[in-house]
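The next block holds one structure in the form of structure tokens; read it before the comments.
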Amino acid sequence: MSHFPGRPAPDEYADFYGTYIAAVKEPLLDTLEAEADAWRALLADVPPDREGHRYAPGKWSVREVVGHVIDAERMFATRAMAFARGDRSHFPSFDENAYADNSGADRRSLADLTDELAAVRRATVLLLRSFDEQTWSRRGVASGYEFTVRSLAWIIAGHSRHHRRVLAERYLGDSIPVPGE
């Protein structure tokens with residue numbers, strides 16, 4: 001239904017998210033689809049004995065990083081849907097560490113988490129495709145900041161890319177290439 005929008009302006013999101021948005025290549029739809037494929041390729045190369053690996057004490061495991069990306073994408077997509085539908089509610093922040101602690105991701109297989117991540121991304125892309133041109137500029141408030149629907153779509157892509165790179169570089173080292181780079 002929709003064309004995917006260009007990069008959002010700085011007044012469409014909280015400053016914190018600027019680095020995520022800056023890291024996304026255009027066109028956005030291609031990036032979202034490529035990220036899904038790159039995640040699957042990266043996670044397929046993780047040996048079973050590395051799924052619970054933490055690169056430092058107090059850091060999330062490989063499985064928990066994937067669980068966090070799933071949770072965050074769902075949260076950002078829910079906000080995008082709400083704002084697209086004209087919901088004027090103010091959405092609270094979410095505590096990513098509390099979500100990770102309670103997700104159960106470390107008790108699941110990486111294969112299961114990989115399938116869930118792919119399903120969540122597919123649902124996100126289908127949602128975003130349903131938006132018409134005027135929907136992308138609709139605004140709402142989350143975490144005390146105003147966002148557009150467009151900015152949330154770009155944040156989803158940039159957040160995913162950020163954590164895929166962190167996983168490849170800090171958790172898996174040079175032995176596993178970063179797909180899609």
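Expressed as a whole percent, the accessible surface of the chain that belongs to carbon and sulfur atoms is 50, based on a 1.4 Å probe. In the chain, the calculated helix contribution to ellipticity at 222 nm averages -16500 deg cm²/dmol per residue, counting -39,500 (n - 2.57) for every DSSP H run with n ≥ 4. Its Cα centre serving as origin, the chain has a Cβ charge dipole (Lys and Arg +1, Asp and Glu -1) of approximately 240 debye. Only alpha carbons enter this Debye calculation for region 17-73, each as an equal point scatterer, and the log10 of I(q)/I(0) it gives at q = 0.25, 0.30 Å⁻¹ is -1.11, -1.19. Rolling a 1.4 Å probe across the protein heavy atoms gives the chain an accessible surface of 49 Å² per residue. Every Cα-Cα pair in region 78-130 was counted, and those over 13 Å apart are 71% of them.
Among Ala153, Val120, Ser109, whose Cα sits farthest toward the positive end of the charge dipole of region 84-154 (+1 at Cβ of Lys/Arg, -1 at Cβ of Asp/Glu, about the Cα centre)? About the Cα centre, the residue reaching furthest to the positive side is Ala153. As a length-normalised measure over Cα pairs under 8 Å and 6 or more apart, the relative contact order of region 8-163 settles at 43 percent. Specify the inter-centroid distance of region 99-157 and region 67-97, based on alpha-carbon positions, in whole Å. Taking the Cα centre of each part, region 99-157 and region 67-97 sit 7 Å apart. Translational diffusion of the chain, estimated by Stokes-Einstein from the Kirkwood radius over alpha carbon pairs at 10 °C in a medium of 1.306 mPa s, is 95 µm² per second.
The values are calculated or read from the model by the stated rules, or taken from the named source; none is laboratory data. Note that the structure is predicted; figures quoted are calculated from it, not measured. With ideal geometry, Cβ positions are generated from the backbone for all residues, glycine too; neighbour counts draw on all protein chains shown. When the accessible area is computed, the model is the full protein with side chains, heavy atoms only, and any ligands, DNA or RNA have been set aside. Shrake-Rupley method; radii C 1.70, N 1.55, O 1.52, S 1.80 Å.
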